[in-house]
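Notes to accompany the following structure.
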Amino acid sequence: MPKKPRAGQGKVSGKRSATVSLAPYEVELTKSAELVYADLYHRAVDAESKGDPTNSVCTTFRMVRDAIKNIIPSDPTNKRYALAGELSNIFRLHKGRLRICWIASSAQRKVCILFISETLRKEGDVNDPYRVFSKRLAAGEFDELFSRMGVRRPPRLSP
């Protein structure tokens, strides 16, 4: 016996009713994230001007650009992007060496990209991107952004 549709799942003209999709979130970048993005852009343009569009820098730049322009703004609070524990109000996207961390405000429909890293992830290493990011959080570098966006700041982490 087929299941009875729940409220909001009724059929219209033999088809399921369409869900209303909201516009993507507005995205801003911190100065440091903007500098990393600009550096990747310039290195990618340089590689392409030398006839090497398949260079890994070009690939990385395209991934970052797609993440910032499409992936993150379309669903920034998706649980698959959520960090855990003390960083539970922060989201991240990772692919290979690439790490992008952000906060999002559903009320304001805004995303702020806090951190972009293409450094190799090696837990405990001084250059581990999460360790670098945690130090910046502990130093209070992003406190004003958390306040402005109405997002709970993580507790002070030990560096």
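Listed values for region 105-117 are Karplus-derived 3J(HN,Hα) couplings in whole Hz (6.51 cos²θ - 1.76 cosθ + 1.60, θ = phi - 60°), namely 10, 5, 5, 8, 6, 10, 10, 10, 6, 8, 8, 10, 9, and x replaces Gly and Pro. Computed over neighbours whose Cβ is under 12 Å from that of residue 151, the net charge equals +2, Lys and Arg +1, Asp and Glu -1.
Structure note, pairs 69/110; 79/135; 31/110; 69/135; 110/135; 79/110: Cα-Cα distances above 20 angstrom occur for 79/135; 69/135; 110/135.
Sum up the charges of everything whose Cβ sits under 15 Å from the Cβ of residue 23, counting Lys and Arg as +1 and Asp and Glu as -1, but leave residue 23 out.
Cβ neighbours under 15 Å give a net charge of +1.
Other residues lying with their Cβ under 12 Å from the Cβ of residue 60 contribute a combined charge of +3, Lys and Arg counting +1, Asp and Glu -1. A crude spin-label estimate for the pair residue 138 and residue 39, with each label 7 Å from Cα along the Cβ direction, gives 2.2 nm. Per residue, the convex hull spanned by the Cα atoms of region 25-149 measures out at 110 cubic angstrom. The residues 113, 100, 71, when put in order of fewest to most other Cβ atoms within 10 Å, stand as 71, 113, 100.
All of the numbers you see were taken from the coordinates with simple rules; none came from a lab. The shown structure was predicted, so the numbers you read here are calculated from the model rather than taken from an experiment. So basically every Cβ, Gly included, is an ideal-geometry build from the backbone, and we count neighbours across all protein chains shown.
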